[in-house]
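The values are calculated or read from the model by the stated rules, or taken from the named source; none is laboratory data. Here the structure is a predicted model, which is why all the values come from computation and not from measurement. Positions of Cβ are generated from backbone atoms using ideal geometry, with glycine treated the same way; all protein chains shown enter the neighbour counts. Ligands, DNA and RNA are stripped out before the accessible areas are found, and what is left, the full protein with its side chains, is counted by its heavy atoms. Shrake-Rupley method; radii C 1.70, N 1.55, O 1.52, S 1.80 Å.
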Amino acid sequence: MLASYPDIRVTSPSFVVNSPSEAVDPATDTLSDHELMLAVRDGELDALGELFERHHGPLFGFLVKLTGQRTAAEDIVQTVFQRMLKYRHTYRDEGSFTAWMYHLGRRCAADYFRRHQATPAATDPADLQDHPDEAPHAGENAAVRDDHALLHTALNRLDRDDREVLLLSRFQELSFAEIAGILECSVGAAKVRAHRALRELRDVYFQLQKQKLS
Amino acid sequence: MNCTETQERLPDELSGRLDPAETAEVRAHLAACPVCRHEHSALGQTLSALDTLPIASPSPALRRNCYAMLEAEKRSLAPTRAAAARPSRPAHFSILRWILAPAGVAALVCGGFFAGTRFAPPAPAPGLDPATKQELAELRARVDSVGQLVGMSLLQQRSTSERLQNVLATLDQRNPGQKVIADLIGSLALDPSTNVRLSALDALYPHSNQPIVRSGVLATLPREQNPLVQVAMIDFLVAARSHEAVPALEQLARNDTIDHAVREAAKRGLAQL
Ligand SMILES: [Zn+2]
């Protein structure tokens, strides 16, 4: 379903979202995400560096959880920024940068899943912790690690659409208006989908916990 | 509020997305209804489990690749730009941006001044004292020379002893200008030689009262791989009473994969800050 999207064009009116996180803070002279992206569109390509610094971390976190794979997530982040450059002329005056970014992110993820035959490989939790930056987790006890593994398995058992909406609503500090923009559905529908996904995750997670105990 | 209405609102209640009136109604219902309480606790457990998943961070290659891509795109635009007679920009602008980016303070300072030079009216930053403002103004004017420094030390491959001489020469200057300070930070961040990096740090000691110096050292610390230099940087930040360094030191103190001496230095530093 995702894979059949047409070419990337930021023409959906659902992107007309005024995110409070993108409002210009009069107390700082730093530019909002939206202003930076408009500058990129107008040829100040260096502004994309600032946008990268602000957003690549959360985007990467989202994609690691969505794909279950670190390298895939890195590739997708890079593709997203590549496409921002390539399609910068399509960024709209009244756009929301984060909504656009996640829109591109899920589009690129869909391409990735299509190329890799739809299902993400089961996550090896070790793969998600092998980075020096996460060394504080290396010493965590086995029970906590097991619980993380269980949750990763549970996440991977959700439909990709469910996993996606759940991650967007929980981790990315997005409003449901923005999520609706990203998913191209109504705010009500986005909410319903996020809640359904959470209940689904709870069911799978508790079921796996029970199985482990018995 | 009945059970269905309450349960519909539980995810929002747990994520703090309900308004106070609805929150109160939901809580009142929960207090009286064991069934919804059970549901609330199960969803709450799932969400907190989700929140405790380790936060993955990307490898340094991602940043490198993205900036390389950006540079390539800029180069491809270069002919058009020349025709439009735009003022030329330093080629290594993004690289320096990249050096200083990850530390919060440095990111703010540099993000502000780079963004400011390029496409914002030079609005004064409220909340900064006049001295810092002045410093930022000078730094704005120095972007070009900083770009040159990076070019010299990284691309022209002069010999280590020459670069060392350059760093040491700054020690003789009583009041080196911002260009010299920026050059020293650049050397500390980028020079391939441990000796040059250590000397740059030594040369920065007399200027550790300048916020930009402390930010620069702090920004460079997470990238430094050599334990000798890491320990020297930690000592520097502690001597400069740089309280902004606390989170970075805490991270080093907890990190089992780094050199023992570095961890110990971080712990010592935390005790002193
Ligand atoms: Zn009830």
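Quick one: check the C-alpha center-to-center distance for segment A:148-162 versus segment A:172-205, whole angstrom.
Cα centroid of segment A:148-162 versus Cα centroid of segment A:172-205: 15 Å apart.
Could you check the spin-label model distance between B:Thr4 and A:Phe206? Points 7 Å from the Cα along Cα→Cβ, value in nm.
Those two pseudo-labels are separated by 2.1 nm.
Express in Å², to the nearest 10, the accessible area of B:Ile212 obtained by rolling a 1.4 Å probe over the protein heavy atoms while all chains stay in place.
Counting only protein heavy atoms, the figure is 20 Å².
Is there a simple number for the mean count of other chain Cβ atoms within 10 Å of the Cβ of residues in A:75-86, and what is it?
What the average comes to for A:75-86 is 3.
Can you pull the mean other chain C-beta count within 10 Å for peptide B:15-24?
Average per residue, whole number: 1.
For a 32 Å ceiling on Cα separation, which of these pairs sit above it: A:Lys86/B:Lys179; B:Lys74/B:Lys179; B:Lys179/B:Lys267?
Check vs 32 Å cut-off fails for A:Lys86/B:Lys179; B:Lys179/B:Lys267.
If you average 1/r over every pair of different alpha-carbon atoms in segment B:3-51 and take one over that average, what Kirkwood value in Å do you get?
Kirkwood radius, segment B:3-51: 10.7 Å.
When the Karplus curve 6.51 cos²θ - 1.76 cosθ + 1.60 is applied with θ = phi - 60°, which whole-Hz ³J(HN,Hα) does each residue of segment A:195-202 get, with x for Gly and Pro?
Along segment A:195-202, the couplings run 5, 4, 5, 5, 5, 4, 4, 4 Hz.
Sort out for me the Cα centre separation of segment B:8-71 from segment B:206-252, rounded to whole Å.
35 Å
Test of understanding: express the Cα radius of gyration of segment B:159-273 as a ratio to 2.2 N^0.38 Å, with N the residue count.
Compared with the compact-globule rule of thumb, segment B:159-273 sits at 1.03.
Which whole-percent values make up P(r) of segment A:148-198 when all C-alpha to C-alpha distances are grouped in 5 Å steps starting at zero?
The percentages, shortest bin first, are 4, 24, 31, 23, 10, 7, 2.
If the cut-off is 29 Å between C-alpha atoms, which lysines fall inside it for A:Lys212, apart from same-chain ones fewer than 8 positions away?
By straight Cα distance, A:Lys212 reaches A:Lys65.
Interface size between chain A and chain B, please: total buried accessible area, 1.4 Å probe, rounded to the nearest 100 Å².
Summing both chains' loss of accessible area gives about 5100 Å².
At 7 Å along the Cα-to-beta-carbon direction for both A:Arg114 and B:Ala72, put a label point, then send me their distance in nm to one decimal.
2.2 nm
If I model a spin label at B:Ser41 and A:Cys185 as a point 7 Å from the Cα along the Cα→Cβ vector, what separation in nanometres do I get?
The modelled label-to-label distance comes out at 3.1 nm.
Rounded to two decimals, what ratio of Rg to Rh does segment A:32-89 give with C-alpha atoms and a Kirkwood Rh?
When Rh is taken as the Kirkwood radius, the ratio is 1.02.
Once you average over the residues of A:39-50, how many Cβ atoms of partner chains fall within 10 Å of each Cβ?
6
Which trypsin sites (Lys or Arg not before Pro) from segment B:167-200 combine a DSSP loop assignment with at most 13 other Cβ atoms within 10 Å?
When the trypsin sites (Lys or Arg not before Pro) of segment B:167-200 are filtered for loop state and at most 13 Cβ neighbours within 10 Å, B:Arg174 remain.
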